[in-house]
Amino acid sequence: MKKTMFWVFACIACRATAGTVIVDAVIADEVRTREISMLPEAQMDVVIYYAFENDTRGLVLDSSPNGHLGAPSGWCVWSDNGPFNGGAMSFSNSVVLILSAPNFPNWNQYSVSVWFLHNGGGDHANGHVHRILDKTNASHSWHLHLNPVTGFVSLFLSDPSKSTEMGDGSHNYMDNTWHHLAVVRDGANGQLWVDGVMKDSVSNLFSVDGPTHLFLGNAFIPAPLQQGSWSGKLDEFMIFNRPLSPKEIQNLHQHGALAPHTPPLVTVTSDMVLEGDLTVSGEAVFEGGIRHVLPLGDLSSGIYTNAP
């Protein structure tokens, strides 16, 4: 294979930002785009990301660029046994207060992704569900939870005039096993996914504007450290400011990341416009990359593509 170096294109690639595509190689009439394991958080539209990678002794670090730290209290104990990235947070009559949390239940679009393990413990007699994520006050409620009587998982939301719920009643999830849970809102449409499978959908979601704190692993009302407490572990907690696609949810379940593992192919002659002049004769590899000047295509798969 003949190798040709174009230093001017390499310099252009160094300045590439969102809205460009870096091409690693041009081989005959095919272009292979760079495969990345996970898009940067700012491009993934992640608002909060708790990976629970290690024991931070009193704080939960936010791996997104937004700095929403978590403040654990009660019997929150870091564990090195998580489904991805090493660790997880263990809950028992405890809670993580998400500091400076956005009021995402009031947004028209959002997604929540979390891995959960329920160990079968906790209070089963008081009638309160075990909260995974909760933003509730006396008149407004948004909470993602497990019913400790049935083991079903659900999203429930209400205001003084209405309420709705979507859930999965197909399995008792108090099984001491890790499961992936995702909820998606796109306007009035909602979906609930467990382990990469859509379990329920509704067409009557609405915004919930409750002026209260956001809690992970418990509820503020009626009592954050006694009733409604999660019993088990939570990990890889993320809030997105857009609806995730089915493929993204399945990738989060299978790989713990949004990106697929096979990059797409496009043709030089029909799908690609380069900055500057270029003639490809035979085979060539360009070191340093080339900037593609067409706007990005669909970023929802979590991998750069320059298909128009």
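No value in this document is a laboratory result; all are computed from the given coordinates. What you are looking at is a predicted structure, and each value in this text was computed from that prediction instead of being measured. Here the Cβ is made from the backbone with ideal geometry for all residues, glycine too, and neighbour counts use every protein chain on show.
So if we plug the beta-carbon distance of residue 188 and residue 103 into 1/(1 + (r/R0)^6) with R0 = 22 Å, what FRET efficiency do we get, rounded to 0.05?
Values: r = 18 Å, r/R0 = 0.84.
That gives a FRET efficiency of 0.75.
Tell me, what is the Rg over Rh of the stretch 41-255, with Rh the Kirkwood radius over Cα pairs?
Values: Rg = 15.5 Å, Rh = 16.8 Å.
Rounded to two decimals, Rg over Rh is 0.92.
Can you compute the modelled spin-label distance between residue 61 and residue 150, with each label point 7 Å from Cα toward Cβ, in nm?
For the pair residue 61/residue 150, the computed spacing is 4.0 nm.
Residue 159 to residue 81: extension gain in nm, 0.36 nm per residue of separation minus the Cα-Cα distance?
On the way: separation 78, 0.36 × 78 = 28.08 nm, distance 3.77 nm.
Between residue 159 and residue 81, full extension yields an extra 24.3 nm.
How much FRET efficiency would the formula 1/(1 + (r/R0)^6) give for residue 201 and residue 172, where r is the Cβ-Cβ distance and R0 is 22 Å, rounded to 0.05? Working shown, then result.
Working: r = 22 Å, r/R0 = 0.99.
Rounded to the nearest 0.05, the efficiency is 0.50.
I need the chymotrypsin sites (Phe, Trp or Tyr not before Pro) found in the stretch 68-165, filtered to DSSP loop residues with at most 16 other beta carbons within 10 Å of theirs.
Numbers: sites: 75, 78, 84, 91, 107, 110, 115, 116, 142, 152, 156; in loops: 75, 84, 107, 152.
Filter output for the stretch 68-165: 75, 107.
Order these by the 10 Å Cβ neighbour count, fewest first: 135, 247. Intermediate results must be reported in sequence, preceding the final value.
Values: 135 27, 247 13.
The order, fewest Cβ neighbours first, is 247, 135.
Evaluate E = 1/(1 + (r/R0)^6) for residue 138 and residue 247, where r is the Cβ-Cβ distance and R0 equals 41 Å; express this FRET efficiency to the nearest 0.05.
E between residue 138 and residue 247, to the nearest 0.05, is 0.55.
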